[in-house]
Amino acid sequence: MRKLTIILIMFFTMPVLGQTLTPPPRSQTADARPEIRADFDRRVDDARVGIDGIGFTHYVRTSGDTVYLTPPYNLDYGAHQVQVVTEEGYQANWSFSVVGRDRATRGAYEYPNNRY
């Protein structure tokens, strides 16, 4: 019984993590203003979102279990780190890269620093 209690406590105190992330983790996109989206398995009322440590909370929208935003300006070419933290304490952290349109399907090694 004690083991079951410990397991249940661990299960119910674990943070809820994003289930579906867009753009997908470690992916490349040619869109310099991609929709940033995190789907959770529970309802979300409000969230804070940062891209490369810069807060974009003012642009965040929530709908049911989804947090999403479109950056107000084009992101630079290269890798970007996204952090989503909801009011309820759910979180998602991942990275993706913005590449030139003619480069979206090529390997990252072809251009130094993911830039032209």
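Quick note: the coordinates plus some simple rules give every number you see, no bench work behind them. Everything numeric in this text was worked out from a predicted model, so none of it was measured. Cβ atoms come from the backbone with ideal geometry, glycine included; neighbour counts cover every protein chain shown.
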### Message
Students often check this: by mean Cβ neighbours within 10 Å, which of 58-64, 42-48, 93-99 ranks highest, and how do the rest follow?
### Response
93-99, 42-48, 58-64
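Quote the charge dipole size of region 33-94 about the Cα centre in Debye, to the nearest 20; the model charges only the Cβ of Lys and Arg (+1) and of Asp and Glu (-1). Please report the intermediate quantities before stating the final value.
On the way: 6 positive and 10 negative charges, 26 e Å.
Dipole about the Cα centre, nearest 20: 120 debye.
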### Task
With a cut-off of 13 Å, note down the residues of region 33-73 whose backbone N falls inside the zone around a label point 7 Å from the Cα of Gln19 toward its beta carbon.
38-44, 64-67
### Query
Ile51 versus Asn74, label points 7 Å from Cα toward the beta carbon: distance in nm?
1.3 nm
